[in-house]
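The values are calculated or read from the model by the stated rules, or taken from the named source; none is laboratory data. What you see is a predicted model, and the numbers here were worked out from it, not measured in a lab. With ideal geometry, Cβ positions are generated from the backbone for all residues, glycine too; neighbour counts draw on all protein chains shown. For accessibility, only protein heavy atoms count, side chains too; no ligands or nucleic acids. Shrake-Rupley method; radii C 1.70, N 1.55, O 1.52, S 1.80 Å.
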Amino acid sequence: MAVAELARRAGATLREHKAARAWAAEVRLGTAPGGLPGPRAVLARPRTYMNVSGAPVSGLLKFYKVPLEQLVVVHDGLDID
């Protein structure tokens, strides 16, 4: 849900990325100083269960050429015991 909301706010739509088994959208985040487009971000939601989401995430990182150091994971389901 968080990723879909971020995509909506950026004016983007998550589209199916079949090779990576995920939905993804490349967006610009906000506006940089001087009215230039903000930094590039790839918003994605794997179509797999969380415990096997590594392959889709890896595929998207390679496709969009995003270094692992720039990966941010949003986990919207908490397990509190």
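Points to keep in mind about this one:
- Gly11 meets each of the listed conditions (1) of a type outside the set (Lys, Arg); (2) in a loop (DSSP other than H, G, I, E, B); (3) on the phi < 0 side of the Ramachandran plot apart from (3).
- Looking only at residues in region 41-66 that are assigned to a loop (DSSP other than H, G, I, E, B) and out of contact with any helix residue (DSSP H, G or I) (no Cβ under 8 Å at 6 or more places or on another chain), the one that is most open to solvent (accessible area, probe 1.4 Å) is Tyr49.
- Restricting region 19-28 to residues that are more than 10 Å from Ala44 (Cα to Cα) and without any contact (Cβ under 8 Å) to a residue 24 or more places away in the chain, the residue that is most open to solvent (accessible area, probe 1.4 Å): Arg28
- Selected residue (criterion: nearest to Arg40 (Cα to Cα)) from residues of region 9-18 that are open to solvent by 100 Å² or more (accessible area, probe 1.4 Å) and modelled with pLDDT under 90: Arg9
- Checked against (1) more than 12 Å from the chain's Cα centre (by Cα); (2) touching a residue at least 60 places away in the same chain (Cβ under 8 Å), Gly35 passes all but a single condition, namely (2).
- Among the residues of region 15-40, those identified as assigned to a loop (DSSP other than H, G, I, E, B) and within 20 Å of Gln70 (Cα to Cα) are Leu29, Gly30, Ala32, Gly38, Pro39.
- Residue selection: Ala32 fails the criterion of being of a type in the set (Gly, Ala, Ser), closer than 13 Å to Phe63 by Cβ, open to solvent by less than 40 Å² (accessible area, probe 1.4 Å) and touching a Pro at 6+ places or on another chain (Cβ under 8 Å).
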